[in-house]
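> Below is one structure. I have some questions about it.
The values are calculated or read from the model by the stated rules, or taken from the named source; none is laboratory data. Everything numeric here is computed off the predicted structure, so don't read it as measured data. Neighbour counts are summed over all protein chains in view; Cβ atoms, including those assigned to glycine, are modelled from backbone coordinates with ideal geometry. Protein only, heavy atoms only, side chains kept; ligands, DNA and RNA dropped before computing areas. Shrake-Rupley method; radii C 1.70, N 1.55, O 1.52, S 1.80 Å.
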Amino acid sequence: MRINQDTVLQGIRATLVPYTPAHVPRYHAWMQSEELQRLTASEPLSLEQEYEMQHSWRDDADKCTFIVLDTERWSGQARGEEDCMVGDVNLFLTDTEDPTLGEIEIMIAEPSYRGRGFGKEATLMMMSYGVTDLGITKFEAKIGQENEASICMFKKLHFKEVAVNSVFQEVTLRLDVSDEEKRWLLDQTSHVEKKTYSEVKLPAGEPET
């Protein structure tokens with residue numbers, strides 16, 4: 001989705017930046033992990049296929065992707081973004097009959113960053129962006145039954161379990177964004193700064209494609 005290609009959302013722990021070709025090698029290395037493949041129900045791709053996937057995620061109108069960075073490491077601009085990557089967060093707008101429904105996914109790929117609030121803050125920032133910029137009023141999260149930490153996190157964000165697929169061993173959680181939920185969500189993300197990516201990235205920048 002090109003709408004967020006020049007958007008940065010900077011939080012306290014996590015900063016969200018567009019997924020660019022410069023992020024692909026680190027992302028590809030993450031996805032060689034059998035644990036992450038299992039948790040994300042993903043198949044391993046070649047590096048070339050990963051670059052093609054990045055192009056698809058940038059261009060397809062039904063996918064919105066941000067890379068999650070460590071704000072503290074990144075904000076000093078002393079390191080390249082690839083060295084600050086901790087995961088990614090995605091919104092899929094795949095219901096053609098209901099463009100206000102977004103399926104949300106969060107992956108904290110770096111084990112040392114799990115359980116420290118990065119996933120929660122990144123998810124809240126993506127939800128707030130979905131509501132304010134993409135017109136989302138309903139969120140769904142489909143999570144493997146074994147991923148108890150992720151299920152617990154989404155329930156803390158007011159999601160309710162609505163279905164269990166025993167064949168795929170997957171739980172579906174849902175949140176309808178009422179006026180009250182929207183106020184709560186915007187309050188939870190009131191600290192987030194929205195910036196222009198082209199103005200804040202390192203001078204060397206990422207290659208444009």
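> List the pair-distance distribution P(r) of the stretch 1-86, using every Cα-Cα distance, as the percent of pairs falling in each 5 Å bin from 0 up to the bin containing the longest distance, rounded to whole percents.
For the stretch 1-86, the binned pair fractions read 3, 14, 21, 24, 21, 13, 3, 0 percent.
> Treating the stretch 92-139 as a set of equal point scatterers at the Cα positions, no solvent, please give the Debye-formula log₁₀ I(q)/I(0) at q = 0.17 Å⁻¹.
Ignoring solvent entirely, the Cα scatterers give -0.54.
> Now a separate question. What whole-number distance in Å separates the alpha-carbon centres of the stretch 84-121 and the stretch 125-151?
Going from one Cα centre to the other spans 7 Å.
> Hey, if you put +1 on the Cβ of every Lys and Arg and -1 on every Asp and Glu Cβ in the stretch 1-131, which of 76, 8, 64 ends up farthest toward the positive end of that dipole?
Sorting the options by dipole projection puts first 76.
> Enter the per residue convex hull volume of the stretch 1-48, computed from alpha-carbon coordinates, in Å³ rounded to the nearest integer.
Roughly 117 Å³ of hull volume per residue.
> Another question, then. So if we plug the beta-carbon distance of residue 164 and residue 32 into 1/(1 + (r/R0)^6) with R0 = 25 Å, what FRET efficiency do we get, rounded to 0.05?
Efficiency computed from Cβ-Cβ geometry: 0.25.
> If you place +1 on the Cβ of every Lys and Arg and -1 on the Cβ of every Asp and Glu, how big does the dipole about the Cα centre of the chain come out, in debye to the nearest 20?
Charge dipole of the chain: 700 debye, to the nearest 20.
> For the chain, what is the relative contact order in percent, using Cα pairs closer than 8 Å and at least 6 residues apart in sequence?
23 percent
> With θ set to phi - 60° and the Karplus curve 6.51 cos²θ - 1.76 cosθ + 1.60, what are the ³J(HN,Hα) couplings of the stretch 167-174 in order, to the nearest whole Hz, using x for Gly and Pro?
Computed from phi, the couplings for the stretch 167-174 are 5, 8, 6, 10, 10, 10, 10, 9 Hz.
> Which translational diffusion coefficient, to the nearest whole µm²/s, is obtained for the stretch 123-209 from the Stokes-Einstein equation, given a Kirkwood hydrodynamic radius over C-alpha pairs, 10 °C and 1.306 mPa s?
105 µm²/s
> First obtain the Kirkwood hydrodynamic radius of the stretch 50-130 from its Cα pairs, then insert it into the Stokes-Einstein equation at 25 °C and 0.890 mPa s, and state the resulting D in µm² per second as a whole number.
178 µm²/s
> Another question about this same structure. Give me the aspartates and glutamates in straight-line cross-link reach of residue 142: C-alpha distance below 12 Å, same-chain residues under 8 apart excluded.
In chain and number order, the partners are 103, 105, 161, 170.
> A further question on this structure: First compute the accessible area of the chain with a 1.4 Å probe, then give the percent of it belonging to carbon and sulfur atoms.
47 percent
> Rounding to the nearest 20 debye, state how big the charge dipole of the stretch 75-124 is about its Cα centre with +1 on each Lys and Arg Cβ and -1 on each Asp and Glu Cβ.
Roughly 420 debye, rounded to the nearest 20.
> Could you tell me how many cubic angstrom of Cα convex hull volume the stretch 48-92 has per residue?
Convex hull of Cα atoms, per residue: 85 Å³.
> Then there's this: Return the single residue from 168, 66, 154 with maximal mean-square fluctuation; model: Gaussian network over the chain, springs between Cα atoms under 10 Å.
168
> Right, another one. Could I get the Rg over Rh figure for the stretch 124-169? Both from C-alpha atoms, Rh via Kirkwood, rounded to two places.
Radius of gyration over Kirkwood radius for the stretch 124-169 works out to 1.02.
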